[in-house]
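Please read the structure below before turning to the comments.
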Amino acid sequence: MSLEISVVALGLIVLLADLWLPAERKRMLGYSAAAALLLLFLNTFTSHCSCSLAEGPDNMTSAGMFIQDGLAVFFKRFFLLAAVLVLVMAVEFSDRIGAGVSEYYSLIVFALAGMLFAASANDFVMLFAAIELITITFYVLTSFQRGRVRSLEAGVKYLILGALSSAFMVYGIALIWGTTGKFNFQELAQVAGKFAANRVFLFGVVFFLVGLGFKIAAFPFQMWTPDVYEGAPTPTTAFLAVGSKATGFVLLLRFLFTAIPDVAMHWNKLLIIVSGITILYGNLCALPQRNLKRILGYSSIAHAGYVLLGVAALTTAGESAVLYYLAGYLFTVLAAFAVIALVMRHLNSEDLAGLAGLNQRSPLLAATLTLAMVSLAGIPPLAGFFGKFLLLKAVIEQGPANHGYYCLAFTALAGVIISLYYYFGVIRAIYWSKETPDLSPIEISKPMKMAVCFCMAGMFYLGLFPGALINYAAQVVKSLK
Amino acid sequence: MDALLNYLFSSNGLFWVFAFMTLACGGLVVANPFSRNPVTSAMFLVLTIISMAGLFVLLHAFFLAAVQVMVYAGAVMVLFLFVIMLLDLQEEERRKVKKLGLLAGLLSIGAIAGIFVKSLMAAQPGRGLPAPVAEGGTIPLGKLLFTNYLLPFEIVSVLLLVAMVGVILLSKKDLK
């Protein structure tokens with residue numbers, strides 16, 4: 001647990017350092033926080049760290065609430081990396097936030113702490129506390145630009161719908177506890193089979209899944225996504241799209257496959273339907289959009305659907321594909337939002353027209369955004385292609401058992417084809433825009449350049465050499481059982 | 001007196017009274033046919049919270065009941081009233097409710113409630129489980145909080161810090 005404690009301590013230090021730092025040094029504060037998190041990230045790979053895989057699945061503390069297995073470690077690395085990149089982005093964005101920049105950094109770190117706890121949650125109480133820490137931090141992060149009406153509107157929408165989903169989740173937990181008397185996932189797994197026919201227990205499971213569905217923005221709990229993504233400050237949106245969504249998925253995997261495996265087996269139909277509709281809804285609604293952040297909002301709904309393919313397959317191949325896809329999604333989406341944060345810094349809205357002439361203003365950013373779109377669309381040789389390939393493979397392998405899986409794979413392919421239109425609309429806006437653009441070059445700070453190049457390298461690496469991560473993911477999902 | 005108390009606790013009568021009060025007052029908070037005044041709604045919320053405290057007492061969770069009254073019915077409600085009075089809300093205008101939306105909402109709520117009640121009747125929750133140990137005093141609660149549930153408890157403390165920072169940031173007049 002030393003990792004989580006260090007992250008919380010880092011948040012407190014950032015919060016306190018603000019008191020003594022002169023205003024012109026605050027930029028350094030964000031970079032220092034990012035560097036500290038990077039160190040913690042690298043530290044997870046050293047063998048003596050408490051995060052090492054060698055300690056095995058029995059490594060539980062605090063009355064079995066906190067589990068440090070392979071899955072937890074995988075997602076902890078994921079969240080740490082995402083937070084580092086988001087913090088670098090936040091420093092770049094700080095002039096638009098205006099007041100309270102250091103608090104912005106520290107809230108990102110606290111949200112990260114919540115995600116780390118959620119990755120290790122092995123108990124409903126722990127899970128709920130961690131989720132609330134994440135969600136409440138995001139309410140603040142979303143409405144941080146309080147001078148902008150859109151940001152406040154996004155914050156209020158997220159608050160109301162988030163509170164509703166929390167209510168569903170906690171009601172679900174109460175029903176599960178009321179019928180089984182268990183909070184702990186392992187203990188629940190032992191008795192879940194007995195309750196598989198108990199309708200009240202199933203009601204609890206459904207309500208709990210509603211709460212998680214809101215987190216991952218799956219249909220029909222996706223209404224908040226486009227508005228919140230558009231209104232929130234860009235680094236918040238990026239963290240929401242990567243961190244918050246991945247939290248939902250790690251909890252979904254743990255809940256379905258560790259806590260109620262006997263029940264989840266019978267639920268493939270529900271997962272197939274939700275996944276299929278989510279893919280279609282996200283892709284179709286993205287078509288008419290002109291605002292880049294809204295496009296990414298709808299595309300993130302579609303991608304939640306793609307990731308659900310792997311969950312719906314209910315196999316270890318599907319689970320490891322989920323992990324691989326999320327890793328690729330991290331680099332891709334963070335690259336896209338980094339470009340948005342840089343290019344649209346001085347514009348009021350993130351309209352596609354703002355991208356005009358980007359290839360002359362900054363070839364690096366134009367290339368990054370193009371690659372991100374190509375990867376999101378799922379074209380080889382980038383990370384997105386291989387992720388989709390693995391997910392579809394996992395689904396089609398299940399096809400002979402249930403023909404619904406073939407329909408699902410077909411739906412996903414249709415979704416990919418639809419999505420080409422709007423992803424390439426973005427690329428067209430960069431290179432072939434007719435509007436007369438302002439051609440002032442865009443300055444990029446060194447850390448930002450490094451972050452952007454790192455994201456690009458990640459996309460290429462995962463697309464060209466997927467073997468290492470696939471093996472790691474396959475090894476990780478063993479700890480779910 | 002003791003006999004009376006014992007009778008009240010052992011029978012289900014009080015449960016039905018408090019449950020009915022909670023639901024009825026909760027309904028009046030959101031949709032009161034007699035008054036559109038926000039203060040009235042807030043007062044019904046107080047009643048809802050107090051009847052919920054009654055439910056906690058029936059579960060022998062005396063500490064929670066007391067906290068419910070002190071924190072929610074006391075402190076939080078005072079804040080609510082402050083905000084309502086500061087904003088000087090007039091009687092809210094009747095919003096036009098779309099007929100179709102209302103119908104769809106009522107239908108879906110009715111359907112969920114119907115299925116839920118039916119499954120409750122069928123499942124008989126709590127069957128096969130040992131009778132719950134009714135311990136709601138401060139000592140067992142504190143022991144649990146600082147042993148088994150220490151970690152979530154500490155996470156909640158971080159959460160409160162975040163909420164505090166957030167409220168100050170979002171409400172302070174001019175930040176430097």
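Of note:
- When region A:113-135 is filtered for residues that are at the interface with chain B (Cβ under 7 Å from one of its Cβ atoms) and crowded, with 24+ Cβ neighbours inside 10 Å, the ones remaining, listed by number, are A:Ala113, A:Phe117, A:Met126, A:Ala129, A:Ala130, A:Leu133.
- A count restricted to region A:268-293 and to residues that are under 20 Å from A:Lys215 (Cβ atoms) and either without any contact (Cβ under 8 Å) to a residue 40 or more places away in the chain or charged (D, E, K, R) (or both) stands at 3.
- Residue that is farthest from A:Thr236 (Cα to Cα) [pool: residues in region A:136-149 that are more than 7 Å from chain B (Cβ to nearest Cβ) and β-branched (Val, Ile, Thr)]: A:Val149
- Exactly one residue out of A:Pro437, A:Pro441, A:Pro447 is modelled with pLDDT under 90 and part of a helix (DSSP H, G or I): that is A:Pro447.
- Each residue in region A:78-126 was checked for being of a type in the set (D, E, K, R) and either touching a Cys at 6+ places or on another chain (Cβ under 8 Å) or not in a helix (DSSP H, G or I) (or both), and 1 pass.
- Within region A:192-203, residues that are farther than 18 Å from A:Met169 by Cβ reach partners that are basic (Lys, Arg) and part of a helix (DSSP H, G or I) with beta carbons closer than 9 Å, at six or more positions or on different chains, in the pairs A:Arg199/B:Lys118.
- Failed condition for B:Leu107, given (1) within 14 Å of chain A (Cβ to nearest Cβ); (2) modelled with pLDDT of 85 or more: (1)
- Leading residue by the ranking (modelled with the highest pLDDT) among those in region B:131-176 that are assigned to a loop (DSSP other than H, G, I, E, B) and at the interface with chain A (Cβ under 8 Å from one of its Cβ atoms): B:Tyr149
The values are calculated or read from the model by the stated rules, or taken from the named source; none is laboratory data. Everything numeric in this text was worked out from a predicted model, so none of it was measured. Ideal geometry is used to build each Cβ from the backbone, glycine not excepted, and the neighbour counts take in all protein chains shown.
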